[in-house]
Amino acid sequence: MFGTDFITDVLLILLTVERPVTLKPGLLATDVVLRTLSETFAKAACSIMELDPSEVQAEYRPALTEFGHGGMQSEIYLYDTLPGGAGFVAQAGRLGISLFEKALEILEGCNCDRSCYRCLRSYKNKFEHDLLDRRLGSGLLRHLLTGAPVMLDEERKKKSTDLLYQDLVRQQANSITVQRNGVVAVAGFGEVAVPILIRHENGGSCAVGIHCPLTPEVPADDILQRLKDRSAIPVRLVDEIEVRRNLPRATSDLLRELA
């Protein structure tokens, strides 16, 4: 095996989050959001400094701290592609908050679903296109900049819930029925509509919804959070990114659990 040392300038950006947000290593959502932000920071730096996009690149890793393994800290590092460094990432470090504001502008300035050649895709990151998700990236970056909750927008939440519902109907067993926006009576709440309601032939029921990939313990719908906190009705959450990337498995795992 051959290898070499590549000596250049590096700008290290430490991202710190708190529960319920997680950047746990090994999760698909973590790889997606960190790859997205890496590409965005590099593009933002090149845009502000009017550089060729190949002059600055970026990678990520769990932070080399006690919090890195637990998913509370991650590092993104920008580096000059010129051996020995060209001073570009040193200049990028002096941009301060404007670098992150430009990155947010890139992420929120497009109308594509996840990524496209107008915002994040390029020839040099062609092998990473499936890991680019501007909506997930903008949610985390806005949270880091302003403290706003990390959450799915209404359009994406509805589309993903519809996908899950349709596949549940397709795969459902004879012993259950699946309803979209099913109504259930809950003590203390009255009748409420849940995103997906699964009723078993024995009379039991279960409320199903999705969660934002970066907040696995928080339902995307407020009503499910209230049911989870104050109701005996079981609530099952499915990762939105699994619905988008591996729907058959997400559905079969849920039905197996309910069975």
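Take every DSSP beta bridge whose two residues both sit in the chain; close to 85 percent of them are antiparallel. The lysines within cross-link reach of Lys124, meaning a Cα-to-Cα straight distance under 16 Å and a gap of 8 or more places when in the same chain, are Lys43.
The angle between the Cα long axis of helix 28-49 and the longest principal axis of the Cα atoms of the chain comes to about 40 degrees, rounded to the nearest 10. Diagonalising the gyration tensor over the Cα atoms of segment 166-259 and scaling each eigenvalue by 5 before taking the square root yields semi-axes of 20, 18, 10 Å, largest first.
Here's the picture: charge each Lys and Arg Cβ at +1 and each Asp and Glu Cβ at -1 in segment 14-79, and of Ile76, Leu37, Pro20 the one pushed furthest to the positive end of that dipole is Pro20.
Sorted on the mean count of surrounding Cβ atoms within 10 Å across their residues, most packed first, peptides 221-230, 236-245, 53-62 read 236-245, 53-62, 221-230. Rounded, prolate or oblate: pick one for segment 40-142, where a ≥ b ≥ c are the square roots of the eigenvalues of its C-alpha gyration tensor, a/c under 1.5 means rounded, and failing that, prolate if a/b is larger than b/c, else oblate. Note, shape of segment 40-142 comes out rounded.
In summary, the lysines within cross-link reach of Lys157, defined as a Cα separation below 25 angstrom excluding same-chain residues under 8 places away, comprise Lys24, Lys228. Judged by the mean number of other Cβ atoms found within 10 Å, the most tightly packed of the peptides 131-139, 145-153 leads the ranking 131-139, 145-153.
Using mean projected area of the Cα convex hull in nm² as the read-out, say which of (i) 16.8; (ii) 12.1; (iii) 17.5 was calculated from these coordinates. Correct label is (i). When shorter helices are ignored and each DSSP H run of at least 4 residues is given -39500 (n - 2.57), the per-residue value for the chain at 222 nm works out to -12000 deg cm²/dmol.
Ranked by the mean number of other Cβ atoms within 10 Å per residue, highest first, peptides 17-25, 98-106 order as 98-106, 17-25. The residue among Met151, Leu163, Tyr60 whose Cα reaches farthest toward the positive pole of the charge dipole of the chain, with charges on the beta-carbon of Lys, Arg, Asp and Glu, is Leu163. Relative to the longest principal axis of the Cα atoms of the chain, the long axis of helix 134-146 makes an angle of roughly 80 degrees. If you average the C-alpha positions of segment 1-76 and of segment 164-234 separately, how far apart do those two centres end up, in angstrom? Segment 1-76 and segment 164-234 have Cα centres separated by 36 Å.
Antiparallel beta bridges, as assigned by DSSP with both residues in segment 154-258, represent about 75 percent of the total such bridges.
Give the angle, between 0 and 90 degrees and rounded to the nearest 10, that separates the Cα long axis of helix 97-108 from the longest principal axis of the Cα atoms of the chain. Taking the Cα atoms of the chain, the angle to 97-108 is about 50 degrees.
Any read-out appearing in this document is the output of simple, stated calculations on the displayed coordinates, not a laboratory observation. Remember, it's a predicted structure, so these values are computed and weren't measured experimentally. Cβ: placed from backbone, ideal geometry, glycine included. Neighbour counts: every protein chain shown.
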